[in-house]
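Written out below as structure tokens is the structure these notes cover.
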Amino acid sequence: MIVWDDSIIDALSRRRCVIVLGAGVSRNSSNKDGKRPDTWEDFLKNCTKDLDDSDHIKSLVDQKDFLTACELIKSRMGPDKFTEKVQEEYQRSGYSHADIHKHIYSLDSSIVASPNFDNIYDTYASSESSSSVVIKDHTSNDIANYLLGGKTRLILKTHGSANNPREIIFTRNDYAEARTKYVLFYEIIKSLALTHTFLFLGCGTDDPDIRQLFEDIQFTHGFMPHHYMTLPKGEVHSEVLTVASKSMRIKFIEYSPNNGHEELTLSLADLVTEVNSHRSTLGKNQQW
């Protein structure tokens, strides 16, 4: 089981932690047919099946150059057909929440961010909170209004949502355009990274948003809080993790991927207990 760092427990207890949910969290979900949401790589591979003469695109996917591959796929398919594929996979497939979503919600973080296009966690959180959570994306210009006081439970869809597929960030061009068009959004994320602890769940070290954002902050400001990312043991070589840790100031928490990454789910349940206990102690001692 994961032994959680005291600083994570304290940051969550004080609601000074941003939980970031990657595709690995959504993969715990399934629909009535037993299908799980596609990863970015799986989605692109499935798209290439509809294209003729796509060996060069498949090669890009194999090389993990997802941004360029997606750019070519979208261009070849056309925006309407591509949008249909996105909604078919991430909006209309009927995925249900899993235990991991319950534990994440029970941590009661003020801010949960996710690059995922699906709405699995959003739907669960809205239901559990009687629709009191606020859901915003990179196109929203009023996010700062919901950061004051920490009373609002905020979900940030950092790459957009399948509910509005025309605005999702999926291709190389989408990334470039978003960073220019939605500067305020990225400035808010940078500010949060300097004042909050980020806990990445189900994310990867090769996510282009994560790498660029945290490398920029590290080398521009020279100091920011340590952030944390859970990873399956053996997924990334230890030397690569050392380099990534230095450049992005991220501590990596490894766990066993056996039994469908069960250890992560169970460890998050333990984290809920530890956070609730620490919150109670802070309240009794008036140490907020």
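The values are calculated or read from the model by the stated rules, or taken from the named source; none is laboratory data. Note that the structure is a prediction, hence the values are computed from the model and not measured. Please note: Cβ atoms are built from the backbone with ideal geometry, for glycine as well, and neighbour counts cover all protein chains shown. For the accessible areas, the whole protein counts, side chains as well, though only heavy atoms, and no ligand, DNA or RNA atoms are used. Shrake-Rupley method; radii C 1.70, N 1.55, O 1.52, S 1.80 Å.
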The alpha-carbon center of region 26-49 and that of region 217-288 are separated, in whole Å, by 26
For region 120-133, Karplus couplings with θ = phi - 60° (6.51, -1.76, 1.60), whole Hz, Gly/Pro x
5, 5, 4, 5, 5, 5, 5, 5, 5, 9, 6, 6, 8, 6
Among bridges DSSP assigns within the chain, what percent are antiparallel (round to 5)?
5
Dimensionless Rg over Rh [region 147-264; C-alpha; Kirkwood]
0.98
Taking R0 as 41 Å and r as the Cβ-Cβ distance between R92 and N285, the FRET efficiency 1/(1 + (r/R0)^6), rounded to the nearest 0.05, comes to 0.25
Which three extents, in whole angstrom, do the alpha-carbon atoms of region 42-124 cover along their principal axes, largest first?
48, 25, 19
Total charge dipole magnitude, region 167-246, about the Cα centre, Cβ charges on Lys, Arg, Asp, Glu only, Debye to nearest 20
160
Residues of the chain: accessible area per residue at 1.4 Å, in Å²?
48
With Rg from the Cα atoms and Rh as the Kirkwood inverse mean 1/r over Cα pairs, region 1-145 has an Rg/Rh of 1.03
If we restrict to alpha carbons, what Rg and Dmax does the chain come to, in Å?
18.8, 67
Expressed as a rounded percentage, what relative contact order does the chain have, with Cα pairs under 8 Å and six or more residues apart?
25
Work from the charge dipole of region 222-262 (Cβ charges, +1 for Lys and Arg, -1 for Asp and Glu, about the Cα centre) and give the residue of I253, P225, V243 farthest towards its positive end.
P225
Would you be so kind as to identify which of S191, L51, L147 lies farthest towards the positive end of the dipole of the chain, taking Lys and Arg as +1 and Asp and Glu as -1 on Cβ and the Cα centre as origin?
L147
Going toward the positive end of the dipole of the chain, with +1 on Lys and Arg Cβ and -1 on Asp and Glu Cβ, which of F82, G94, A69 do you reach last?
G94
